[in-house]
Amino acid sequence: MERASHANRAGVNRDEGNGSLKVLVVGGGGREHALTWKLAQSPRVEAVLAAPGSAAMEGLAECHPDVSAGDLDAVTKLAREQGVGLVVVGPEDPLAAGLADRLRDEGIATFGPSAAAARLEGSKAFAKDFMERHGIPTAKHRAFEDLHAALEYVGRLDGRCVVKADGLAAGKGVAMCESPADAERALREIMEDRRFGDAGSRVVIEDWLEGEEVSYYAISDGERFVTLAAAQDHKRLLDGDRGENTGGMGAYSPARVVDRVVEERILERVVRPTIRGMAEEGHPYVGVLFVGLMVDSAGDPQVIEFNVRFGDPETQPLMVRMKGDLAGLLETAARGRLDPDSSVAWGEAAVCVVLASGGYPRNYSTGHPISGLEAAEADEGVVVFHAGTRRCANGGFETAGGRVLGVTALGESVGAARDRAYAAAAKIQFEGAHCRSDIASRALDRS
Ligand code: AMP
Ligand code: GLY
């Protein structure tokens with residue numbers, strides 16, 4: 001297979017020796033804090049820059065709060081002027097808008113897919129058609145641009161289904177419908193009321209998959225890949241997976257449902273055909289492929305969705321678990337020189353408990369002082385990643401978002417990591433703080 005031309009272009013740029021690589025992390029949330037924390041430990045890295053970064057990242061990275069992740073011109077200019085040798089893009093929106101293409105055109109090695117490849121996440125219809133073309137297992141689906149045709153289709157279904165707005169709707173735009181009446185309501189909200197704006201000009205209606213949900217991660221250079229690990233996110237607000245969907249209330253890794261047999265199936269049936277298919281179709285996939293999967297009771301995986309970036313909050317436990325040089329791995333992928341025989345070593349287990357603002361994911365207030373951070377981080381194996389904080393006048397931190405902190409702990413088992421994370425989280429206080437009390441319990445129930 002031909003090496004991706006953009007990878008070649010990036011590859012002839014500069015050859016960074018040990019300790020001389022400048023890495024720019026794009027983004028400023030909990031995921032980017034975790035990536036920065038890990039990148040800063042790399043012997044190859046001279047400095048980490050972040051755009052915009054966050055107050056909490058300042059000890060690890062040179063932050064540029066005036067450069068927002070979505071400002072392609074400003075990010076490109078910063079990378080060029082600062083002699084950045086590797087850009088690591090956190091969120092999906094700048095990728096969908098073509099940030100990686102822009103940076104590669106400037107000869108800057110970039111970890112993240114092109115806009116064309118980012119359609120795997122940005123367009124559910126593209127992803128579904130792609131999976132069909134390549135025989136990748138996923139829920140049966142139909143796409144519609146016409147409300148009446150969509151209504152007629154759901155009228156003929158007699159069971160449950162899932163209705164999704166096409167395009168990026170910030171993780172929302174997915175309605176789990178118990179009946180055709182639910183589906184009709186969802187379709188009218190998405191297509192008629194335009195609840196998710198233009199993302200609702202097209203909908204995908206699919207079968208409701210049963211099983212256990214996991215996130216699986218692989219790093220690709222467009223042609224080859226190296227696997228990371230599986231993690232499980234907790235998307236619902238309340239214990240026992242009840243309440244509203246959120247951006248994620250916690251995560252842990254490894255996910256026990258992904259044993260050796262299931263992992264082999266994920267690689268053979270999903271990851272390998274995806275990387276090969278994207279290359280064959282002329283959009284080689286460079287970056288992290290994050291596959292959201294449902295694993296049924298027979299251990300067969302089906303793809304729920306692709307994401308073209310690291311998960312948040314799954315990245316927090318992944319980075320704490322990961323051993324070895326993240327910068328080296330991402331750089332070789334960005335330059336099209338991944339060694340497929342290399343492998344990543346992992347600590348036993350890690351758990352991340354998210355502390356959220358009162359009222360999240362709906363309305364919440366910000367500006368509440370946070371106490372106990374130092375005491376929490378003094379615990380062995382604990383790192384607190386900041387998702388939504390800012391500095392306050394006394395030099396400490398205050399809340400500045402819905403998800404505020406990801407208290408993350410490493411342990412010799414999921415149970416030990418969970419106990420550490422909760423013990424540390426209990427030391428942190430801010431007005432309205434809440435967290436789920438059952439993060440990782442699914443793994444513990446299994447063992
Ligand atoms: P998505 O934005 O496609 O990841 O969907 C958000 C969430 O909805 C997923 O994480 C699943 O929990 C759920 N979901 C989406 N599609 C399906 C499906 N076909 N069957 C069951 N659950 C689904
Ligand atoms: N934690 C799920 C996501 O990042 O999309």
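Residues of the stretch 178-203 that are open to solvent by 70 Å² or more (accessible area, probe 1.4 Å) and on the phi > 0 side of the Ramachandran plot: ARG194 alone.
What about PHE225, is it within 14 Å of ligand 1 (Cβ to nearest atom) and under 18 Å from the mean Cα position of the chain (by Cα)? Full working, then the answer.
On the way: within 14 Å of ligand 1 (Cβ to nearest atom): no; under 18 Å from the mean Cα position of the chain (by Cα): yes.
Here the answer is no, as PHE225 does not meet what is asked.
A residue that is assigned to a loop (DSSP other than H, G, I, E, B) and under 20 Å from the mean Cα position of the chain (by Cα) can be found somewhere in the stretch 361-381. Pairing residues of the stretch 306-317 that are within 8 Å of GLY30 (Cβ to Cβ) and in contact (Cβ under 8 Å) with a residue 60 or more places away in the chain with residues that are part of a loop (DSSP other than H, G, I, E, B) and near ligand 2 (Cβ under 6 Å from one of its atoms), at Cβ distances under 8 Å and at least 6 apart in sequence or on separate chains, gives ASP312/GLY248; PRO313/GLY248. A count restricted to the stretch 296-316 and to residues that are buried (at least 22 other Cβ atoms within 10 Å of the Cβ) and away from ligand 1 (no atom under 14 Å from the Cβ) stands at 3. All conditions but one from (1) more than 22 Å from the chain's Cα centre (by Cα); (2) outside any strand (DSSP E or B); (3) within 16 Å of ligand 1 (Cβ to nearest atom) apply to GLU184; the one that does not is (3). I'd like to check something: does the stretch 115-124 contain any residue that is modelled with pLDDT under 95, among the polar types (S, T, N, Q), at negative phi and open to solvent by less than 30 Å² (accessible area, probe 1.4 Å)? Yes, the stretch 115-124 contains at least one residue that is modelled with pLDDT under 95, among the polar types (S, T, N, Q), at negative phi and open to solvent by less than 30 Å² (accessible area, probe 1.4 Å). Total residues in the stretch 228-258 satisfying the condition of being in contact (Cβ under 8 Å) with a residue 60 or more places away in the chain and open to solvent by less than 40 Å² (accessible area, probe 1.4 Å): the figure is 18. Anything in the stretch 201-212 that is within 24 Å of GLU189 (Cβ to Cβ) and either free of Cβ contacts under 8 Å to residues at least 60 places away in the same chain or not basic (Lys, Arg) (or both)? List them, or say none. If the condition is that a residue be within 24 Å of GLU189 (Cβ to Cβ) and either free of Cβ contacts under 8 Å to residues at least 60 places away in the same chain or not basic (Lys, Arg) (or both), then SER201, VAL203, VAL204, ILE205, GLU206, ASP207, TRP208, LEU209 are the ones that fit.
Restricting attention to the stretch 241-270, the residues being under 22 Å from ARG420 (Cα atoms), assigned to a loop (DSSP other than H, G, I, E, B) and more than 15 Å from ligand 1 (Cβ to nearest atom) number 2. Annotation note: of PRO273, PRO313, PRO317, the sole residue that is assigned to a helix (DSSP H, G or I) and within 16 Å of ligand 2 (Cβ to nearest atom) is PRO317.
Please verify whether the stretch 362-381 includes one or more residues that are buried (at least 21 other Cβ atoms within 10 Å of the Cβ), over 21 Å from GLY112 (Cβ atoms) and among the aromatic types (Phe, Trp, Tyr). No: zero hits.
May I ask you to verify whether MET319 is more than 14 Å from ligand 1 (Cβ to nearest atom), within 26 Å of GLU32 (Cα to Cα) and surrounded by 16 or more Cβ atoms within 10 Å (Cβ to Cβ)? Give the steps one after another, and end with the answer.
On the way: more than 14 Å from ligand 1 (Cβ to nearest atom): yes; within 26 Å of GLU32 (Cα to Cα): yes; surrounded by 16 or more Cβ atoms within 10 Å (Cβ to Cβ): yes.
Spelling it out, MET319 is indeed more than 14 Å from ligand 1 (Cβ to nearest atom), within 26 Å of GLU32 (Cα to Cα) and surrounded by 16 or more Cβ atoms within 10 Å (Cβ to Cβ).
The values are calculated or read from the model by the stated rules, or taken from the named source; none is laboratory data. Quick caveat: nothing in here was measured; it's all calculated off a predicted structure. Cβ: placed from backbone, ideal geometry, glycine included. Neighbour counts: every protein chain shown. We work out accessible area using only protein heavy atoms, side chains counted, and drop any ligands, DNA or RNA first. Shrake-Rupley method; radii C 1.70, N 1.55, O 1.52, S 1.80 Å.
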